[in-house]
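Read the figures in this text as sums done on the coordinates, not as results from a lab. All of these numbers come straight from a predicted model, not from anything done at the bench. Cβ placement follows ideal geometry from the backbone for every residue including glycine, while neighbour counts extend to all protein chains displayed.
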Amino acid sequence: MKTLRRTSPRPSHRPERTEVMHLADGRELWLRPVHPADAAPIAGAFELLGDDEIRKRYLHPVKALSLDYLMQLVNIVPGESFAVVAAEPLPPGEALVGALARLTRDPGKDSAEFAILVSHFVSGQGLGKALMRRLMEWAQAHGIRRLWGEVMDDNTAMIELALSLGFRRATSQESPNLLHVTLDLEPVRAARR
């Protein structure tokens, strides 16, 4: 049974678009690029996360998000990074952010590291896959050929998501408790005119 329904009128294929998403429980969220005004709502949402959610996303305990980290997260460098949120249907700065995904291009390379966090308030409804697909679209549109990430070996939801999208997994060289997941992307072909 499909739990997530897109209701935007025929969305463009621009990764920077906003899509309206209806969750199975009736809530509506906007899947949209992060905005600088989202810093405070992201920090507030972080306070609502459980210790295990934080550990699985950051790979170690984190008590609070630093101002520097928040500013880096919401102030995207064009062509080098991208972040997308699933937020309440309110303007940035007013909307609670329930999920966030970002990628950052590796310096001088055609690869990028991704990270994703879907809070327990909206998990299990297909948002992770929708966010990851948006990252993949942006990566392809910007010449990135490989996405990669580090995942805790007990983060079964993220591992299943990655495998369902075609990622390969291997034990990380950093730690035996981490998996290194990678996805090779096809280059975007120019549309014929």
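The overall shape of region 85-187 is oblate: from the C-alpha gyration tensor, with semi-axes ordered a ≥ b ≥ c, the ratio a/c is 1.5 or greater and a/b is no larger than b/c. Peptides 140-149, 165-174, 88-97 ranked from most to least packed, by the mean per-residue count of other Cβ atoms within 10 Å: 140-149, 88-97, 165-174.
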